[in-house]
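**Student:** My structure is below; once you've seen it, I'll send some questions.
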Amino acid sequence: MEEKISQIQKDYLEKIQKAKTLKELDEIFLELFGKNGAVDQLSKQFSTLSQDQLKIIGPTFNQVKQQLEEGINEKRTNIREESYKRLSEENLTLQPSRLKARKGHLHPVTQFEQEIVKLFKNLGFVEADAPHIDTDYNNFEVLNIPENHPARDLWDTFYISSKFQVPSSKLLLRTHTSNSQIRILKDNTPPIRMMNLGRCFRFENVDARHEHTFEQFEIVYVDKGVSMAHLQYLSEYFFKGTLGQDIKARLRPKYYPFVEPGVGVDASCVFCKGKGCKVCGQTGFLELAGAGMIHPDVLKAGGIDPNIYSGIAWGVGPGRMVMLREGIEDIRLFNSGDLSFLEKY
Ligand code: DAH
């Protein structure tokens, strides 16, 4: 037994001396003092010894145990101190990282939207809120587009599953910012100058010019004596502010159920300045917005007397404007998350 003890003492003191890392020391410690370790194994054999043998071996065993434990602790301190010393003597030359931090920026459409919101704030327009998920009533019915009206085909959208429907009206993803009109009219009293900006959704066959998710911008202006002249002015104000001071606006009759009269709002072509080119199909104009005098029924539904007040509703697609301004040919790039595209703007 004594031999075994001194063998362990010799072997392990040597191992401890040779250890170079704290990890090696941890392993040695476990080999010695862990469950079923060398020390454990030895002490299990004590039951076979006589009292007299125990009296001699016991103290030796304890001494060796202590010596080994102290040896490990001492070596631990040495290793630590050595590594601190090495670190403090080491000549560290720090170099700036080669990986440049990537700075993000706003999406090109968002940048454009901030511009147009500012333009209309300058005329006293205030931003109004309208939800992306809205009722069939707010998005269609109140805008004179009842169920089965053929105009619904133009604005087909995504409907919320019947499980989540409210009893009063079907829920859907709004097809246009025109869903803000009824809210704006109901919640305010004329004079009203408000705008709504945001995401809209359509059940589209997605291609280079059509997206299922896109942005719209809408303004609503109601007061006594508001007329088509204001509509012409606001349209031109918008085009001059976004496309250039030499751009003119042209109003062309167009049917939208919620305005009367309704107009397609064209801008003189940014490429040929109205002379006629390939982009504008030789017409000299590009159709960019939709607008009109708010239909009396819509005003009435909003609690506004059409005999006293009149109003303009005007809507545009900021994405389309950015495409035109920047020469972007595929609308799908906007939501693609393609950094090589986004970083250009
Ligand atoms: N909501 C229409 C669309 O998505 C655009 C529009 C047309 C808005 C006429 C209007 C308007 O305010 O008066 O195509």
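The values are calculated or read from the model by the stated rules, or taken from the named source; none is laboratory data. Fair warning: this is a prediction, and the values are worked out from it, not measured in the lab. Note that each Cβ is placed from the backbone with ideal geometry, even for glycine, and that neighbours are counted across all protein chains shown. Protein only, heavy atoms only, side chains kept; ligands, DNA and RNA dropped before computing areas. Shrake-Rupley method; radii C 1.70, N 1.55, O 1.52, S 1.80 Å.
**Student:** Which condition from (1) in a helix (DSSP H, G or I); (2) within 12 Å of the ligand (Cβ to nearest atom) is the one that Gly264 breaks?
**Tutor:** Gly264 satisfies every listed condition except (1).
**Student:** So, one more: State whether the residues of region 179-192 include one that is modelled with pLDDT under 95 and at negative phi.
**Tutor:** The answer is no, given that none of the residues of region 179-192 is modelled with pLDDT under 95 and at negative phi.
**Student:** While we're looking at this one, here's another question. Considering region 127-173 alone, what residues qualify as being of a type in the set (Val, Ile, Thr), surrounded by 13 or more Cβ atoms within 10 Å (Cβ to Cβ) and more than 24 Å from Val206 (Cβ to Cβ)?
**Tutor:** The answer is Thr135, Val142.
**Student:** Looking at Gly319, is it in the same structural domain as Val220 (by TED's automatic domain parsing) and within 14 Å of the ligand (Cβ to nearest atom)?
**Tutor:** Against the criterion (in the same structural domain as Val220 (by TED's automatic domain parsing) and within 14 Å of the ligand (Cβ to nearest atom)), Gly319 qualifies.
**Student:** Being under 19 Å from Lys15 (Cβ atoms) and surrounded by 14 or more Cβ atoms within 10 Å (Cβ to Cβ) is the filter here, so list the residues in region 49-66 that pass it.
**Tutor:** Keep residues of region 49-66 that are under 19 Å from Lys15 (Cβ atoms), which gives 61, 63-66.
Result: Phe61, Val64, Lys65.
**Student:** What are the residues in region 119-142 that are more than 23 Å from Trp155 (Cβ to Cβ), free of Cβ contacts under 8 Å to residues at least 40 places away in the same chain and assigned to a helix (DSSP H, G or I), if any?
**Tutor:** Lys121
**Student:** Which one of these is within 13 Å of the ligand (Cβ to nearest atom), assigned to a loop (DSSP other than H, G, I, E, B) and closer than 17 Å to Gly317 by Cβ: Glu215, Glu204? Outline the logic, then answer.
**Tutor:** Numbers: Glu215 fails: assigned to a loop (DSSP other than H, G, I, E, B).
Only one candidate passes the filter, namely Glu204.
**Student:** Can you tell me which residue in region 237-261 is farthest from Gln282 (Cα to Cα), limited to those that are open to solvent by 50 Å² or more (accessible area, probe 1.4 Å) and part of a strand (DSSP E or B)?
**Tutor:** Glu260
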